[in-house]
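Structure, as structure tokens:
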Amino acid sequence: MSTNLVSIAMQYITPEMIGRFASALGIDRRLISQAVSAAVPALIGSFAGIASKPGGAATIDAAVRDQDPSILDSISGMLEGGSQQDLIQKGSNTLATLLGPSSVPSLASAIGKFAGMSQGTSSSLLGMLAPAVLGIIGKQKEQKGLDTSGMARLLSAQKQHVNEALPAGFSNYLKGVDIPGLRAPATPTREKVAHAAFSQAKPAEKRSSPRILTWLLPIAAVAAVAWWFLGDRGTTVSETPVDETVVGERTTSTQTVETGPVRLVAGGVDLATAWDKTFSELRTTLEGVSDVETAQSALPKLQAAASELERLAQLSEELSPAGRTALARLVDQAQPRLAQLYEKVLAIPGVAEIAQPRIEVVRSQLNTLARA
């Protein structure tokens, strides 16, 4: 599983830091939280797009090396100690160099419109966030011992994570934003896809004439009689492989067995059972949030859920394709219920600015697992 820079960044930007951003900019925490949820993946996607261009990786690498090595530890003090203007100025200059002077206002405008704040405020927020995001990339580069090419590969692996983390509706504001790796998607909406599928299906309905049915029905009747006398009407069986993958042994048996759930085992862990437990705990945590105080107490549990989901995603790589598909299906089936709980929690007054960063991390991990 590739390193998820968005998830790492969102874990670093805690509710306390959201509060410091809000205080420094003199704006409501809720709006800052909304803006950060879009700005962080947008910046990582932009840097990834730049790194994919000829000479772009070297440009990003130079910007990473230009950051104060202690920026991740000192940024909070800079926000509180009156040095925020220096931080904003340096971050804004770095972004102008990387993205181009005309692209930064476009991105700031998109984030501002999405979060409901002025372009000037969102520009200042981007100036604060850029050094932090570059610092996180630099830390990963150092920890993994990456050279410029390795860092480029790390960034190129972020596309899916960025797409999953970008908040719903934000892409509508990206029209006209010309930044490599961050453009409004051209994919049709679900309604258009459904309409196209329906339109394609209609000619088939017209071709199904009564004349065809007159000879199809006898064939079906003969097949039914043959199945009745010759077939096994007891337990339904399947010749498809049943996933019994175990890390280290990698055994997969193909045999005639009763059709049922695929057994998912990796690293000695039953992933289906582990998922059920994580989903149950996550649901209970979200259902328990009713005000600011309970939201604050839920943060460690949300973080634990995100860590467990990341672990399950890593273990899922040891499964066969059939096993990964089965696990992804389990997760996908739970998504609608969790989405309802997210909306309920984030609608509680004062809770969004506290819980949304952690919820976005959880959602990102769930989306990754659902596409395993």
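Among the residues of segment 146-168, write down those that are in a loop (DSSP other than H, G, I, E, B) and within 17 Å of Ala63 (Cα to Cα).
Correct list: Leu146, Asp147.
Return yes when Gly116 is within 26 Å of Asp147 (Cβ to Cβ) and either of a type outside the set (A, V, I, L, M, F, W, C) or without any contact (Cβ under 8 Å) to a residue 12 or more places away in the chain (or both) and no when it is not.
no
For segment 330-351, what are the residues that are under 22 Å from His161 (Cβ atoms) and aliphatic (A, V, I, L, M)?
Selection gives Leu330, Val331, Ala334, Leu338, Ala339, Leu346.
Determine which single condition Ile354 fails, assuming it passes every other condition in (1) modelled with pLDDT of 85 or more; (2) over 20 Å from Ser7 (Cα atoms).
(2)
The values are calculated or read from the model by the stated rules, or taken from the named source; none is laboratory data. Keep in mind that what you see is a predicted model, and the values were worked out from it rather than measured. Cβ atoms come from the backbone with ideal geometry, glycine included; neighbour counts cover every protein chain shown.
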